[in-house]
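Worksheet: the structure to be examined is printed underneath.
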Amino acid sequence: MTNTPKPENDYPAQDPSFDGITFEVVEEEQIHGGQKIKRRGIYLWPNLITTAALLSGFYSIIASMNGDFTQAIYAIFLAALFDGLDGRVARAIGAQSAFGEQYDSLSDLLAFGVAPAILMYSWSLNDLGRIGLACCFIYTACAAFRLARFNVQIGVVDKRYFIGIPSPLAAIIVISLVWVARDYPALFDLQTISTQLINAVVMVGVGVLMISNIKYYSFKQLDRKRVPFVVMLPVVLIFAAITYDIPVGILIVSIIYALSGFATTFLSRKK
């Protein structure tokens, strides 16, 4: 029995953009009327901001490995700022794309999944050996799971809520804890096993919150919505408290937000 070659028409058509060495990106977008068209290239400004967030996360890792923990903390805060900015810029100029969503998630994994874990391990948990390494890895793995779940649930879940604490806020809890501990070394003695175990529990606990089904209010509905003027009063008070002691203020606000998810979930189930 001889093998006959398949007719040429039986093979899928090859896009010339992928012949040979190429750096082209081709996306299929849906336009009005349900039609799909192919677009080449990427949107510049949102992806530049995402790249800045990626660079900040990468720099934080290098700083943590070199023992420059303050710079590592600042770099993750900067990455969180860029992460909140790229999506808003994309929506404002109509530059949302599937490539941008995936690129943003990869940047988030490095900046908010890997960098905080490296920071905590280099600063405190390396003395615990394999236990400290395992706790930091659990945090990173949970961040990866959360981001992957977020990608597949885009357009399915209620936009008013995050399912599980967002990875940038999880990272802020970790780095603000390190920041406060560095400002108050008498209260956080890294030489004691109890402090190291508390840090290990925090890493695992925050990781579990990321992959949980606890609902966190996203505040996305407030972007273009009017609110009573009196709402500004507690906002001003919060900013005043934060400026009194910035690291402590950020840590307290982030912990309150982490705990608010339990109340939000309970109220949503009750309704």
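Annotations
- Within the span defined as the range 123-132, every residue fails to be among the aromatic types (Phe, Trp, Tyr) and open to solvent by 50 Å² or more (accessible area, probe 1.4 Å).
- Between Phe229, Phe266, Phe219, Phe188, the distinction of being open to solvent by 40 Å² or more (accessible area, probe 1.4 Å), in contact with a helix residue (DSSP H, G or I) (Cβ under 9 Å, 6 or more places away or on another chain) and not acidic (Asp, Glu) belongs to Phe188 only.
- Just one of the listed residues (Ser194, Ser167, Ser254) is in contact (Cβ under 8 Å) with a residue 40 or more places away in the chain, within 21 Å of Leu133 (Cα to Cα) and either open to solvent by 30 Å² or more (accessible area, probe 1.4 Å) or touching a helix residue (DSSP H, G or I) at 6+ places or on another chain (Cβ under 6 Å) (or both), and it is Ser167.
- Flag for Asn213 being assigned to a loop (DSSP other than H, G, I, E, B), surrounded by fewer than 17 Cβ atoms within 10 Å (Cβ to Cβ) and in contact with a Gly (Cβ under 9 Å, 6 or more places away or on another chain): yes
- Out of Phe137, Phe82, Phe145, Phe99, one residue alone is more than 30 Å from Leu190 (Cβ to Cβ) and surrounded by fewer than 19 Cβ atoms within 10 Å (Cβ to Cβ). It is Phe99.
- The one condition in (1) modelled with pLDDT under 95; (2) of a type outside the set (S, T, N, Q); (3) closer than 17 Å to Pro168 by Cβ that Phe99 fails to fulfil: (3)
- Residue in the range 217-240 that is modelled with pLDDT of 85 or more and under 27 Å from the mean Cα position of the chain (by Cα) present: yes
- Enumeration of residues in the range 170-185 that are touching a residue at least 12 places away in the same chain (Cβ under 8 Å) and surrounded by fewer than 17 Cβ atoms within 10 Å (Cβ to Cβ): Arg182, Asp183
The values are calculated or read from the model by the stated rules, or taken from the named source; none is laboratory data. Keep in mind the model is a prediction, meaning the values are calculated, not measured. Glycine also receives a Cβ, built like all others from the backbone with ideal geometry; neighbour counts cover every protein chain displayed. Just so you know, the surface numbers come from the protein's heavy atoms only, side chains and all, with ligands and any DNA or RNA stripped out. Shrake-Rupley method; radii C 1.70, N 1.55, O 1.52, S 1.80 Å.
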